[in-house]
1. Within region 146-187, track down each residue that is among the charged types (D, E, K, R), without any contact (Cβ under 8 Å) to a residue 24 or more places away in the chain and closer than 24 Å to Asp109 by Cα.
2. Which of the residues belonging to region 224-244 are crowded, with 18+ Cβ neighbours inside 10 Å and either under 17 Å from the mean Cα position of the chain (by Cα) or among the acidic types (Asp, Glu) (or both)?
3. Mind listing just one residue for me: the one in region 117-133 that is buried (at least 16 other Cβ atoms within 10 Å of the Cβ) and out of contact with any helix residue (DSSP H, G or I) (no Cβ under 9 Å at 6 or more places or on another chain) and, of those, farthest from Arg209 (Cα to Cα)?
4. Out of (1) surrounded by 22 or more Cβ atoms within 10 Å (Cβ to Cβ); (2) of a type in the set (S, T, N, Q); (3) farther than 28 Å from Val29 by Cβ, the odd one out for Gln207 is which?
5. Within region 113-124, which residues are at pLDDT 95 or above and not hydrophobic (A, V, I, L, M, F, W, C)?
6. Determine whether Ala94 is buried (at least 23 other Cβ atoms within 10 Å of the Cβ) and either closer than 13 Å to Gly12 by Cα or touching a Lys or Arg at 6+ places or on another chain (Cβ under 9 Å) (or both).
7. So if I check each of Asp109, Asp136, which one is out of contact with any strand residue (DSSP E or B) (no Cβ under 6 Å at 6 or more places or on another chain), crowded, with 22+ Cβ neighbours inside 10 Å and modelled with pLDDT under 95?
8. What number of residues in region 188-243 are in a loop (DSSP other than H, G, I, E, B), among the hydroxyl-bearing types (Ser, Thr, Tyr) and either in contact (Cβ under 8 Å) with a residue 40 or more places away in the chain or touching a Cys at 6+ places or on another chain (Cβ under 7 Å) (or both)?
Amino acid sequence: MRIHSAMILAAGLGTRMRPITETLPKPLVEVAGKPLIAYSLEALHEIGITNIVANVHYLAPVLRDWLSRWPLGEVAISDESEELLDSGGGVAKALPLLGSDPFVVMNADTFWCEDPEAERGNLARMVEDFDPARMDILMLTARLDQATGHTGRGDFIIDADRRLSRFTGDGEPVIYAGTLILSPRILKSFSEPRFSLNRCFDSAISQGRLFAAPLTGHWLTVGTPEAIAEAEAAMADYTSGRLS
C-alpha cells in the first residue's frame, strides 16, 4: 500500500549519552559525520514519504532549528516541551499531523546499513508488505547477530507466518529494530496522554496482528558516547564486507 506519513520519535532526554547531550539533543549526535536523525530522514526521503513529523522535548529549540534547515523537505513539529509523553503518547499526540491512514514510526537513535545485494531496501519492503486487513503493526526486527550496540537478550520471537509474540526464553529471539508501520486504530483504546508503544505491541499480539519485517543488512543503536566509535567501526566493517 502507499504510505504518505511518518513520525520520528526525537523527544528523549538522552541521559545515557551525557556529557554530549548536556548541550546537544541526542538526535543531533553525529555518527560517521551525520546526525542520528538524518539517517531516518534520508530513509524516508528515499521512498518518497514527504509528510514527516518529529516530536521535541529536551533542548527543543536546538532540534527545531536544525530541522527547520533540513534540505530535503519540511519536517512538522509535535511539541512536547511541557510534558514528555513517552513513545505511544507522543505518537497519539501527533495524530492530527499524521492523518488517519497507516504511517511509519521511527526511533531517532537507531538506523541500519542496507544489504547491497537486497532487491529492495528495508523501509521500501515494509511499505509494500504492510497489509492493514491483517496487521495493526508491522515491525522491523533484527537478529542478535545483525545488531551493534544492543545489550539485551532479545524482544520477540517470530512464527512461521511472521506473527510476533514476546520472547520469554524459548526460541530464537529478535530485536525490535526501532521502525514500525502502524495503523492508528491501535491507539484508540488508550485514553491517557502518556503511555508506551509497548502497550500497543501487546494489544496487537493479543489479536494476532503484530507482524515482523526481518531486516536485511546490519542494524545499529547508539546509546552511549562509547557506542559512537563502535557503530562507526561496524559500519566500516559491514561496508567492506568484514561484517556480515
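The values are calculated or read from the model by the stated rules, or taken from the named source; none is laboratory data. The shown structure was predicted, so the numbers you read here are calculated from the model rather than taken from an experiment. Please note: Cβ atoms are built from the backbone with ideal geometry, for glycine as well, and neighbour counts cover all protein chains shown.
1. Selection gives Arg153, Asp155.
2. So the first thing to find is which residues in region 224-244 are crowded, with 18+ Cβ neighbours inside 10 Å, and the list is 227-228, 231, 234-235, 238.
Across region 224-244, the qualifying residue is only Ala231.
3. Selected residue: Arg125.
4. (1)
5. Asn122
6. Details: buried (at least 23 other Cβ atoms within 10 Å of the Cβ): yes; either closer than 13 Å to Gly12 by Cα or touching a Lys or Arg at 6+ places or on another chain (Cβ under 9 Å) (or both): no.
Against the criterion (buried (at least 23 other Cβ atoms within 10 Å of the Cβ) and either closer than 13 Å to Gly12 by Cα or touching a Lys or Arg at 6+ places or on another chain (Cβ under 9 Å) (or both)), Ala94 does not qualify.
7. On the way: Asp136 fails: modelled with pLDDT under 95.
Going through Asp109, Asp136 in turn, just one is out of contact with any strand residue (DSSP E or B) (no Cβ under 6 Å at 6 or more places or on another chain), crowded, with 22+ Cβ neighbours inside 10 Å and modelled with pLDDT under 95: Asp109.
8. First pass over region 188-243, keeping only residues in a loop (DSSP other than H, G, I, E, B): 188-196, 207-209, 215-216, 222-224, 241-243.
In the following step, the residues that additionally are among the hydroxyl-bearing types (Ser, Thr, Tyr) were identified as 189, 191, 196, 216, 224.
Within this subset, residues satisfying the condition of being either in contact (Cβ under 8 Å) with a residue 40 or more places away in the chain or touching a Cys at 6+ places or on another chain (Cβ under 7 Å) (or both) are 196, 216, 224.
Number of matching residues: 3.
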